[in-house]
Amino acid sequence: MEHSKAAEALVEQNTLLADLTHAGDPAAPVPTCPGWTLRQLVKHVGRGHRWAAAIVRDRAQDPVDPATVPGGKPPRDQDGTTAWLTESPSVLFDAVTATGADTPVWTFTGPKPAGWWIRRRLHEAVVHHADAAIALGAPFAVDPAVAADGVSEWLSLLSARTVDEPLLAAGATMHLHATDDGLGAAGEWLVRAGGTGVEWEHGHGKGAAAVRGTAADLLLVLLRRVPADRVEVHGDAGILDTWLARTPF
């Protein structure tokens, strides 16, 4: 996803999260983030945007302690907290502009261009918007193209990890298929075991398990936010079950 489109989507999802949580009880529990309240969720997201901004601004080549991030704590009042969360993405955008989107900085998966963090923070906001909606029993919506890109980003993060247990059995292939209109190749993924982790590519093909659903449902199932019965599974359903059991990152 281009930086400009990712930035636009990040503002939208972050604003939806801010509006939703502003209307909710800050002490309400978040079932999909055990032990968290809505206020803790908001703090996590807003501080995360500012943490990414600090990494970019300082051109960090090593991890930055989130506790040291300037402005990393929201105000105590609800109105102030909402304003703090709403303005947090702009802190990241300003840092990327000042540093240069192509300047390499630290990420979870090795040095990447500073603009990488905009897409990462977009999908963090998407998933935590879903967390807040689930906690409050509110509707959740995300553009299918954004959700599909979230699936791709999640697979990219997984493929960059070394894992102790294989996420898929040797030779097994899982085909993910988003049923939304207009996504084309961006809405299909072939995932297979590879090396010490997984490999994936966009494409259509027969897999030992085929998982079909809207891009939003695929994303939320893969991120363990909603039950697997939100999607259709054809073939060996145990493949998806094993995948979910071994990707609780």
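General remarks:
- Degrees separating the helix 38-57 axis from the principal Cα axis of the chain, which is the longest one: 90 degrees
- On Cα atoms only, tilt of 144-159 relative to the major axis of the chain in degrees: 80 degrees
- A Cβ-based charge dipole, computed about the Cα centre of the chain with Lys and Arg at +1 and Asp and Glu at -1, lands at about 560 debye.
- Rounded to the nearest Hz, the phi-derived 3J(HN,Hα) couplings of region 72-77 under the Karplus curve 6.51 cos²θ - 1.76 cosθ + 1.60 (θ = phi - 60°) are x, 10, x, x, 7, 8, where x marks glycine and proline.
- Taking chymotrypsin sites (Phe, Trp or Tyr not before Pro) across region 89-170, the ones in a DSSP loop with at most 15 further Cβ atoms lying within 10 angstrom of their Cβ are PHE108.
- Averaging the sequence gap over all C-alpha pairs within less than 8 Å and six or more residues apart, then dividing by the number of residues, gives region 1-86 a relative contact order of 30 percent.
- Estimated FRET transfer efficiency when R0 is 51 angstrom, pair HIS204-ARG76 (beta carbons, to 0.05): 0.50
- Counting only protein heavy atoms and a probe of 1.4 Å, the accessible surface of region 1-65 is 54% carbon and sulfur.
- Nearest 10 degrees, 0 to 90: helix 78-99 Cα axis against the chain principal axis: 80 degrees
- Computed over the chain, Kirkwood Rh from alpha-carbon pairs, angstrom: 18.8 Å
- Shape class of region 128-196 from the alpha-carbon gyration tensor: oblate, with a/c at 1.5 or above and b/c at least as large as a/b.
- Rounded to the nearest 20 debye, the dipole size of region 69-159 about its Cα centre is 240 debye, using +1 on the Cβ of Lys and Arg and -1 on the Cβ of Asp and Glu.
- Alpha-carbon Debye profile of region 1-129, log10 I(q)/I(0) at 0.10, 0.13, 0.15, 0.20 Å⁻¹: -0.29, -0.50, -0.66, -1.11
- GLU8-ALA98 pseudo-label distance in nm [points 7 Å out on the Cα-to-Cβ vector]: 2.6 nm
- Region 48-176 - accessible surface per residue (Å², probe 1.4 Å): 43 Å²
- Probe 1.4 Å, protein heavy atoms only - accessible area per residue of region 200-249 in square angstrom: 50 Å²
- Fraction of accessible area attributable to carbon and sulfur, region 69-141 (%, probe 1.4 Å): 57 percent
- Under a model in which nothing but the beta-carbon of Lys, Arg (+1) and Asp, Glu (-1) is charged, region 9-76 shows a dipole of about 220 debye around its Cα centre.
- Gyration tensor (alpha-carbon) shape descriptor, region 59-105, a/c threshold 1.5: oblate
The values are calculated or read from the model by the stated rules, or taken from the named source; none is laboratory data. Small disclaimer: the values here were computed from a predicted structure and weren't measured. In this analysis, Cβ positions are derived from the backbone assuming ideal geometry, glycine residues included, and neighbour counts consider all displayed protein chains. Just so you know, the surface numbers come from the protein's heavy atoms only, side chains and all, with ligands and any DNA or RNA stripped out. Shrake-Rupley method; radii C 1.70, N 1.55, O 1.52, S 1.80 Å.
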